[in-house]
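Below is one structure, written out as structure tokens; the observations come after it.
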Amino acid sequence: KFVNCKLTGTKLMESYIGNTLFENCKMDYVNLSGSNIKESNFEHSVLSSADFVDCSLTKTMFYTNDLENASFFDTDLKNIDLSSNSFEMIEVRPEHLKNCTLNQLQALGFARKFLQIKVV
């Protein structure tokens, strides 16, 4: 359990993170690339510009975090609910958003980016 921790810039690449709570943590620029994250929760934390590149996310929850400019490149977000988190854009492949839960503004942002549509 990590509560009220400052983990800015921490390098946790290729880690196994299981049954872990990150609550009210400052985790901007944290690097979790290649990690296996299982049954863990990220809650009320700052994860801006965090790297979740090529991660395995199993039963992992993101709740009311700042995910601005976080990278989920090559990470499948199936069954991940991002709707309560704040971000204008995260880095992710469109095929990895299948069965991911987004709010209306997030979905519109991805539609603009991936479908190259103009909303008036």
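What is the residue count in segment 81-96 for residues that are in a loop (DSSP other than H, G, I, E, B) and not aromatic (Phe, Trp, Tyr)?
9
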*Within segment 83-96, which residues are among the aliphatic types (A, V, I, L, M) and in contact with a Leu (Cβ under 6 Å, 6 or more places away or on another chain)?*
Ile90
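Conditions tested, residue by residue: (1) surrounded by fewer than 17 Cβ atoms within 10 Å (Cβ to Cβ); (2) β-branched (Val, Ile, Thr); (3) over 24 Å from Lys6 (Cβ atoms); (4) without any contact (Cβ under 8 Å) to a residue 60 or more places away in the chain.
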residue: Thr20; (1), (2), (3), (4): yes, yes, no, yes
residue: Val46; (1), (2), (3), (4): no, yes, no, yes
residue: Asp51; (1), (2), (3), (4): no, no, no, yes
residue: Tyr63; (1), (2), (3), (4): yes, no, no, yes
residue: Val92; (1), (2), (3), (4): no, yes, yes, yes
residue: Glu95; (1), (2), (3), (4): yes, no, yes, yes
residue: Lys98; (1), (2), (3), (4): yes, no, yes, yes
residue: Lys113; (1), (2), (3), (4): yes, no, yes, yes
*Check segment 25-47 and report whether any residue there is outside any strand (DSSP E or B), polar (S, T, N, Q) and either at positive phi or under 10 Å from the mean Cα position of the chain (by Cα) (or both).*
no
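Each value in this text was obtained by applying a stated rule to the coordinates, not by laboratory testing. Keep in mind that this is a model prediction, so the values were computed, not measured. Ideal geometry is used to build each Cβ from the backbone, glycine not excepted, and the neighbour counts take in all protein chains shown.
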